[in-house]
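Below you'll find the structure, written out as structure tokens, and then a few comments.
The values are calculated or read from the model by the stated rules, or taken from the named source; none is laboratory data. What you see is a predicted model, and the numbers here were worked out from it, not measured in a lab. Virtual Cβ from ideal backbone geometry, glycine too; neighbours counted across all protein chains shown.
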Amino acid sequence: MFKKQLIVIFGLLLTASSFSQNTFVKGYYIDNSNKKITCLIKNEDWLNNPTKFKYKTNLDSEIKTVTINDVKEFGVLNTFKYKRYDVDIDRSTKKTDELDNNKNPVFNKEKLFLKLLIEGKANLYYYEDGGLVRYFFNKNNTDVKQLVSKYYLTDENQVNVNKQFRRQLWIDLKCESISMNSLERVNYEKSDLMRFFIKYNECSNAEFVNYQQKKKNKDSFNLSIRPGIRNSSLILFDPNDRKTDFGNNLTSFRLGLEAEFILGFNNNKWAFLLEPTYHQFSSGIQGSSFNQKRIEVNVGLRHYMYLKNKDVKFFLNAAAFYVNNFNSQLNDGSNSFSIKIDDTLNIALGIGCRYKERFSVELRYLPSGNFNILDSYDGASWYTRSQSSSIVLGYSIF
């Protein structure tokens, strides 16, 4: 039974993965000869600043790739813009065990695509690479420089921060409405720096574009009620390794409450999941019976795949779940006793569909798992082996 279901799941995975993963949107790029090419750019909402991107000349044309060596600038109007610069960048770390006593940045020249956050008289750029975050700026088409914030160790072996970026802003971006006291409240963070650059451009009566000014995503957090039916197999092994097979078509009920946190990159296609679930199970055969009530806490990731129909999207799940048994009874034919099952981690895989951000259905598969029975009437070691699949319905409360 489970092999067939697993084949179905993987078949659906392959089918779902054939749908468009990211949208090709109308954009442009400027090549090394300063020629502007209008095209359709694959908007991947990059987490790390890219070194290349894919594009089409029209919807039916082949997909091509261009790299940072061939492109000076690319973007989508009022959505995003990347510009290529040869800049000095300091890649020093924040990790305490890797800090040194040098408070000054150690620069290396690199060719980078910098993402524009604010574009105007003064420009603010963003760069991220594997958790390393750096901000750059320039004014009136001058050279682009990194805003410096560097962690280092003092002579007393204490962690300190060189906040040179505040002095850079004070010297290069003076304006009557900006005081030194206000700069002391500016931290090396996207929101603080963006507010400062907006304030400077407004103070300078300069037009500017805020590329981060998007509508708030009402679905950045979803809370859903998730009832479902689970179909399971169960084998019970006694201390002498004798087994009682309860069958492979056992039906039980589950009820979960899922918190879904949408991660803010890759066009909101990734989400973190937390789902406590109540599960009740009961079965009997050949004079033996097994009754269980337990809480499962699922923690995992979800990946969405969009269709042209914006009301429908598919998703894939991979989750680890922690089982906390709180009320179980075992009857082995001659004795009946309450038991405690070892708390353990297991893996769950799922594929599903979401409709109008409100309703969902998921097919979930739980591969074979063993549960050790810690407390039994004779103190001996019993254990169970099971695997299951579930149909889970969902309704988003908000």
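Among the residues of the range 80-91, not a single one is among the hydrophobic types (A, V, I, L, M, F, W, C), in the same structural domain as residue 189 (by TED's automatic domain parsing) and outside any strand (DSSP E or B). Selection over the range 115-140 of residues that are within 14 Å of residue 197 (Cβ to Cβ) and either in contact with a Phe, Trp or Tyr (Cβ under 9 Å, 6 or more places away or on another chain) or assigned to a strand (DSSP E or B) (or both) gives a count of 17.
Here are some residues: 271, 206, 259. Which one is aliphatic (A, V, I, L, M), on the phi < 0 side of the Ramachandran plot and not assigned by TED's automatic domain parsing to the domain that holds residue 390? First the steps, then the outcome.
Working: 271 fails: not assigned by TED's automatic domain parsing to the domain that holds residue 390; 259 fails: not assigned by TED's automatic domain parsing to the domain that holds residue 390.
Being aliphatic (A, V, I, L, M), on the phi < 0 side of the Ramachandran plot and not assigned by TED's automatic domain parsing to the domain that holds residue 390 holds for just one of 271, 206, 259, which is 206.
Residue count for the range 32-48 satisfying the condition of being of a type in the set (S, T, N, Q) and in a strand (DSSP E or B): 2. For the range 240-252, which positions are exposed (fewer than 14 other Cβ atoms within 10 Å of the Cβ) and either assigned to a strand (DSSP E or B) or in contact with an Asp or Glu (Cβ under 9 Å, 6 or more places away or on another chain) (or both)? Selection gives 243, 245, 251. Taking the range 21-47 as the search range and keeping residues that are modelled with pLDDT under 95 and among the polar types (S, T, N, Q), which one is surrounded by the fewest Cβ atoms within 10 Å (Cβ to Cβ)? The selected residue is 23.
Regarding residue 143, is this residue out of contact with any Ser or Thr (no Cβ under 7 Å at 6 or more places or on another chain), closer than 24 Å to residue 28 by Cα, at pLDDT 95 or above and part of a loop (DSSP other than H, G, I, E, B)? So residue 143 passes the test.
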